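Here's the structure, in structure tokens; my notes come after.
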Amino acid sequence: MEIDYIENEVSLLQPPAGQRRRIRSVDDAHPFDLDAYISGYSGRTAFDRLVHIISTCPTLAPQALKQAFAQIEELRDPTLYQTAMNAYDSVADLPEVQLPPTSELCSVNTVWCEEAERTKLEVELKTYSNNMIKESIRMGHRDLGDFYRATGDYTQALKHYTKSREFCSTSQHVLDMCLSVLELVIEQRNYAHISSYVFKAEGALDTASAAAASNAAPGSNNISAAPPPKKSAERDQVQSKLDFAMALFHPRTSQLRKGCPTFPEESALRILLLVAPGDFAIYGTLCALASMSRSAIKSQLTEMLFSLHLTQSYLSSDFKNVLELLERYSTRHYVDIHMYSHVYDLTNLIRNVAVVLYFQPFQTIRLDRMSAAFGWTVDEVEKEVVALIQSGQIQGRILKARKVDHRAELFARAIKTAAEIQSTNRKLLLRMRLQQADLVVKPPKSRREQDRAGELLQGD
């Protein structure tokens, strides 16, 4: 088996290139409970999520910084202090944010971090190498990889994990190595390398399962005639890990439908130690609503508590409530370290699919009624529909018919005619009164005679 060495690792602290920072508010319209959320995580992933919350939700930054410092003292990487403080200072520099200085919130303590363990592990590995004990060498590289991963040195951790492959003697050892690398790259958010290690892990899993089945088959030297149920449960758990890893990989390649894995048991969700069951439900729900048909959604998602109200509203075509729920819980979606860069695009896709579904039963639709169904203004509806027509998702056109109120036009013409008659009558009355008062200016007698002569000549 070839090993992929990952170079130029993506920094944990920086978002992907071109990703815009999205500051999210936490209020009654966008509720978010930090304590309840972070209680579902532990270790490095809890720290990474707290740092992301500091950068995303400035109102929670002081509380998140305190909890991040508490998490650091349970780890073995003192550089995380600087990471947390850099994230906090970057938010505090924003003009619209007022935050207390870090010195008023918590203090730095690095006494707990020691280098003795690293030296001990390196000496043990050297001893195993000198003694040529293959299994011990593999375990030595594995232990050093775990140590460097805990201390934040991902390059060295990956080096030792992949080096242990040379000393693997069974498919189970190869599978353990692949799972360790997968957890490392997911924790590092280096999703591009997930697929290759998932394929290698699946190959090792199939080999290990086939070997176990052949050993347990009738006629073999094994006493048992069938594989124990524990083996099947372990395989399901490992497969759940691999499915979830691929579910994180597919949205990066625009394959949203493949990013909707099936929902395993809750015990299987916790085995990666990187996500909570609620995260798994959020990933699957958003990807499913953006890419799957209604029948598939109904069969796979309606049993999930998180997506119950959302999917029921979606299936009942209550799209206004769907959009309101997505907006209400948008803060919870954006604070997730794996999906935050896709939430905006997924929300737009869900909105587009909802508009397309609304159009399907009709030949003609009035935009004012559609605006009431989605909670938008008529102009917003028109803009959305025009974009979908131009992209080819809706086959149709918008006819802007001018509303003609014949009754109003009749009244307008009558009022205009009455105003014209009134003006003419005023002029006639004025002339009559001027004549009665003998205020009419007459031309001279000679001029009158000339005019009369001209009229006579014209008459002839």
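The values are calculated or read from the model by the stated rules, or taken from the named source; none is laboratory data. Quantities reported herein were computed from a predicted structural model and do not represent experimental measurements. Using ideal geometry, Cβ is built from the backbone for each residue, glycine included, and neighbour counts are taken over all protein chains shown. The protein model used for the area step is the full one, side chains on, heavy atoms only, and it has no ligands, DNA or RNA in it. Shrake-Rupley method; radii C 1.70, N 1.55, O 1.52, S 1.80 Å.
Pairs needed: first member in region 71-87, among the basic types (K, R) and open to solvent by 30 Å² or more (accessible area, probe 1.4 Å); second member anywhere, assigned to a helix (DSSP H, G or I) and at pLDDT 85 or above; C-beta distance under 9 Å; at least 6 residues apart or different chains. Once the first residue is among the basic types (K, R) and open to solvent by 30 Å² or more (accessible area, probe 1.4 Å) and sits in region 71-87, its partners that are assigned to a helix (DSSP H, G or I) and at pLDDT 85 or above give R76/F147.
Listed by position, the helices (runs of 4 or more DSSP H) contained in region 136-244 that have at least 3 residues being modelled with pLDDT under 80 are 194-216. Taking the criterion of being open to solvent by 90 Å² or more (accessible area, probe 1.4 Å) and either in contact (Cβ under 8 Å) with a residue 40 or more places away in the chain or under 24 Å from A288 (Cα atoms) (or both), the residues of region 354-394 that qualify are Q360, P361, Q393. Exactly one residue out of K298, K400 is at pLDDT below 85, open to solvent by 90 Å² or more (accessible area, probe 1.4 Å) and assigned to a helix (DSSP H, G or I): that is K298. Could you please let me know if Y340 is under 26 Å from I282 (Cα atoms) and open to solvent by 30 Å² or more (accessible area, probe 1.4 Å)? Taking the combined requirement at face value, the residue satisfies it. So, of the residues in region 27-46 that are in a loop (DSSP other than H, G, I, E, B) and not small (G, A, S), which turns out to be farthest from L184 (Cα to Cα)? In this case the residue turns out to be D28.
Taking residues in region 129-156 that are at positive phi, and partners anywhere that are surrounded by fewer than 17 Cβ atoms within 10 Å (Cβ to Cβ) and not acidic (D, E), the pairs with Cβ atoms closer than 8 Å and at least 6 places apart or on different chains are G152/T79.
Tell me which residues, restricted to region 1-60, are of a type in the set (S, T, N, Q) and at pLDDT below 80.
Initially, region 1-60 is screened for residues of a type in the set (S, T, N, Q), giving 8, 11, 14, 19, 25, 39, 42, 45, 55-56, 59.
Answer for region 1-60, where residues must be of a type in the set (S, T, N, Q) and at pLDDT below 80: N8, S11, Q14, Q19.
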